[in-house]
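To keep things clear, I will list the structure first and then write my remarks on it.
The values are calculated or read from the model by the stated rules, or taken from the named source; none is laboratory data. All figures in this text were calculated on a predicted structure; none of them were measured in a lab. Here the Cβ positions follow ideal geometry from the backbone for every residue, glycine too, while neighbour counts run over all protein chains shown. Calculation scope for accessible area: heavy atoms of the full protein, side chains included, ligands and nucleic acids excluded. Shrake-Rupley method; radii C 1.70, N 1.55, O 1.52, S 1.80 Å.
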Amino acid sequence: MKTTDLIGTAVANTFRSKTRTILTILAIFVGAFTLTLTSGLGTGINNYIDDTISGVGAPDAMTVTKTDESATAGPPGGSSEPREYDPDAISGGFPGMTVITLTPDDVTTIKNTDGVLSVDAIRTITPDYIQAGDGTKFVATIGSLVPGQSTVLADGTEPDPDATTLQVALPVAYVEPLGFSSNTDAIGNTVSLAITDAERTQHTIDAEIVGVTEAGLASPTGSSILVNAALSDALFDAQTTGLPSEQADRYASATVWFNPDATDDEIQALKDRLADEGFTGTTIADQLGTFTAVVDGIVLVLNAFAIIALLAAAFGIVNTLYMSVQERTREIGLMKAMGMGSGRIFTLFSLEAAFLGFLGSAIGAGIAIAAGTGLSSILSGGLLVDLPGLTLIAFDPVAIISIIVLVMVIAFLAGTLPAARAAKADPVESLRYE
């Protein structure tokens with residue numbers, strides 16, 4: 001019997017007992033459906049994390065701050081003990097939280113640390129408000145992009161870091177409150193940023209809107225007014241008017257660039273050297289690593305349940321084929337009497353098992369893709385509408401094919417026992433079987 005004949009016969013034999021076959025396929029379907037759906041969930045979330053990494057910074061950069069030995073762990077709510085006043089401390093990310101500023105000498109020390117290629121000092125700019133024309137004034141925070149960092153744009157472009165004109169990109173949440181009818185309507189208009197200097201004099205600086213940004217997971221720029229270097233300089237100069245130079249040149253943090261080919265051990269060694277100098281370095285992996293680990297852990301647990309379901313289905317395959325072997329004992333004897341070897345008979349029953357696995361996994365994967373795509377679309381327009389760009393459940397063709405192949409392999413292995421029994425059957429005894 002040719003290989004094509006074996007495959008055709010195996011497919012035809014699969015549907016001899018339709019009810020038993022359907023029940024076995026349903027058992028496989030449950031495992032394949034779950035495995036496909038959880039794989040898509042992991043792919044979708046991890047793709048979103050990868051997409052938002054560029055909003056946090058480049059993979060070959062880390063944020064460096066001055067180590068505050070007196071700081072309590074975490075934001076307010078930890079220790080109630082008062083802290084000693086530090087003239088070098090400035091407001092941090094939480095209300096009431098402070099960080100120790102970096103001085104030009106600190107920046108030089110960081111730059112001279114072995115493994116550091118370059119340093120960009122980050123200045124703290126605190127405007128009073130933003131306003132469009134004579135409209136309502138709104139509180140605003142200022143953000144800027146460092147090289148290698150990007151943001152999610154709803155419309156327009158990012159502020160040009162090399163432009164001499166003053167440019168801003170507004171968060172999408174500011175568009176309508178400032179009086180613009182749409183994102184497109186805001187592009188090209190002018191907004192005013194007010195900032196107060198050390199002498200309590202308020203300065204107003206006008207800038208052109210060149211883009212509108214979306215909020216992004218873990219992106220520090222999504223809810224900030226994004227400015228280019230020219231506007232950042234203008235605001236900083238206005239804010240520090242009246243301050244001595246030694247007080248003006250203070251930075252909340254610095255972005256440190258290192259070798260993009262650096263290994264994890266080399267990056268950790270750089271962090272250790274910075275720590276020896278009194279600084280703390282934080283990479284993108286540090287910021288998103290825990291979140292990614294939690295997602296991967298959840299997906300792993302769900303996949304474990306899917307594998308258990310597939311193992312249960314494997315016992316169904318064994319049962320189905322054992323019964324098939326028993327029912328076809330005389331047929332097996334006849335095939336052997338006509339010259340079919342044990343290897344061919346083993347292959348025939350193994351192919352039946354693999355075909356059962358293919359049917360169950362293909363149907364399960366297909367329905368999982370349809371259900372996952374629909375669910376993801378519904379959630380993106382509802383519960384997850386505040387996370388633009390997130391496709392909660394995304395499917396990788398390679399992963400889908402791998403799942404189908406995995407299920408077929410499990411089914412094939414499950415079918416080897418009954419296939420081996422059929423192959424070992426004695427033709428004379430089989431022909432006498434009633």
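Can you tell me which residue within the range 299-325, out of those that are open to solvent by less than 60 Å² (accessible area, probe 1.4 Å) and hydroxyl-bearing (S, T, Y), is nearest to the chain's Cα centre (by Cα)?
T320
Testing F236 on (1) of a type in the set (A, V, I, L, M, F, W, C); (2) farther than 19 Å from D162 by Cα; (3) open to solvent by less than 20 Å² (accessible area, probe 1.4 Å); (4) touching a Lys or Arg at 6+ places or on another chain (Cβ under 9 Å), one condition comes back false. Which one is that?
It is condition (2) that F236 fails.
Name the residues in the range 383-420 that are farther than 21 Å from A32 by Cβ and either crowded, with 21+ Cβ neighbours inside 10 Å or modelled with pLDDT of 75 or more (or both), would you?
Going through the range 383-420, the residues farther than 21 Å from A32 by Cβ turn out to be 383-391, 417-420.
Of everything in the range 383-420, those that are farther than 21 Å from A32 by Cβ and either crowded, with 21+ Cβ neighbours inside 10 Å or modelled with pLDDT of 75 or more (or both) turn out to be L390, T391, L417, P418, A419, A420.
Go through the residues of the range 210-224 one by one and say whether even a single one is assigned to a loop (DSSP other than H, G, I, E, B), at pLDDT 90 or above and surrounded by 15 or more Cβ atoms within 10 Å (Cβ to Cβ).
Checking the range 210-224: not a single residue is assigned to a loop (DSSP other than H, G, I, E, B), at pLDDT 90 or above and surrounded by 15 or more Cβ atoms within 10 Å (Cβ to Cβ).
When you scan the range 13-42, how many residues do you find that are in a loop (DSSP other than H, G, I, E, B) and either open to solvent by 50 Å² or more (accessible area, probe 1.4 Å) or closer than 20 Å to I410 by Cα (or both)?
Selection size over the range 13-42: 2.
What do you reckon, is A10 under 30 Å from G343 (Cα atoms), out of contact with any Lys or Arg (no Cβ under 8 Å at 6 or more places or on another chain) and open to solvent by less than 10 Å² (accessible area, probe 1.4 Å)?
Against the criterion (under 30 Å from G343 (Cα atoms), out of contact with any Lys or Arg (no Cβ under 8 Å at 6 or more places or on another chain) and open to solvent by less than 10 Å² (accessible area, probe 1.4 Å)), A10 qualifies.
Considering only residues that are open to solvent by less than 70 Å² (accessible area, probe 1.4 Å) and in a loop (DSSP other than H, G, I, E, B), which ones fall in the range 149-159?
The answer is Q149, S150, T151, V152, E158, P159.
Could you count how many residues in the range 108-119 are in contact (Cβ under 8 Å) with a residue 60 or more places away in the chain, part of a helix (DSSP H, G or I) and over 14 Å from M62 (Cα atoms)?
1
Which ones in the range 190-206 are at pLDDT 90 or above and either open to solvent by less than 60 Å² (accessible area, probe 1.4 Å) or among the hydroxyl-bearing types (S, T, Y) (or both)?
T190, V191, S192, L193, A194, I195, T196, T201, H203, T204, I205
Kindly indicate whether A275 is under 17 Å from D105 (Cα atoms), surrounded by 15 or more Cβ atoms within 10 Å (Cβ to Cβ) and out of contact with any Pro (no Cβ under 8 Å at 6 or more places or on another chain). Steps first, answer last, please.
On the way: under 17 Å from D105 (Cα atoms): yes; surrounded by 15 or more Cβ atoms within 10 Å (Cβ to Cβ): no; out of contact with any Pro (no Cβ under 8 Å at 6 or more places or on another chain): yes.
So A275 does not fit the description; no.
Identify, from the list L231, L243, the residue that is in contact with a Leu (Cβ under 6 Å, 6 or more places away or on another chain) and farther than 15 Å from T63 by Cα.
The conditions single out L231.
Take L431 and decide whether it is open to solvent by 60 Å² or more (accessible area, probe 1.4 Å), more than 20 Å from G372 (Cα to Cα) and either at pLDDT below 80 or not in a helix (DSSP H, G or I) (or both).
yes
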